[in-house]
Amino acid sequence: MQIDIQARSFTLTTALKEYAEKKLKSSLSGCRDRLRRVVIRLSDTNGPRGGEDKHCHIQVVLPGMSDVIIEDTEENMYAAIDKATDRASSAVTRKVTRKKSQQRHSQPLRTHLMA
């Protein structure tokens, strides 16, 4: 799984980058082998003025399926990452489970003939 973490409107610290990567790997550990790429875009809309403006955008690229896109905005960037990664985990798990179920139901029934 390739992880790309980008910062917009602020400088990405090593601590924040490592936190986002660790949280993402932990949240998506159950589906990691099915993921191709994950992009996290972090932004601070109001800059030093503060407020609920720390934005985390996560895009999960799944082979053979549409991308999962999750966004969250909080007062604290770590909280935004936490909520977005948790929601991404749930959404990816649902999508992968649904895909497995569809594949199982689309396979033709096999009948065994006894001689």
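Restricted to the range 31-58, and to residues that are within 12 Å of the chain's Cα centre (by Cα) and loosely packed, with under 14 Cβ neighbours inside 10 Å, which residue is modelled with the lowest pLDDT?
ARG32
From the list VAL92, VAL96, VAL68, exactly one residue is closer than 16 Å to SER29 by Cβ and more than 10 Å from the chain's Cα centre (by Cα). Which is it?
Every option except VAL96 fails the conditions.
The values are calculated or read from the model by the stated rules, or taken from the named source; none is laboratory data. This structure is a prediction, so every number in the text was calculated from the model and none was measured. Because the Cβ atoms are built from the backbone with ideal geometry, glycine has one as well, and the counts that use them run over all protein chains shown.
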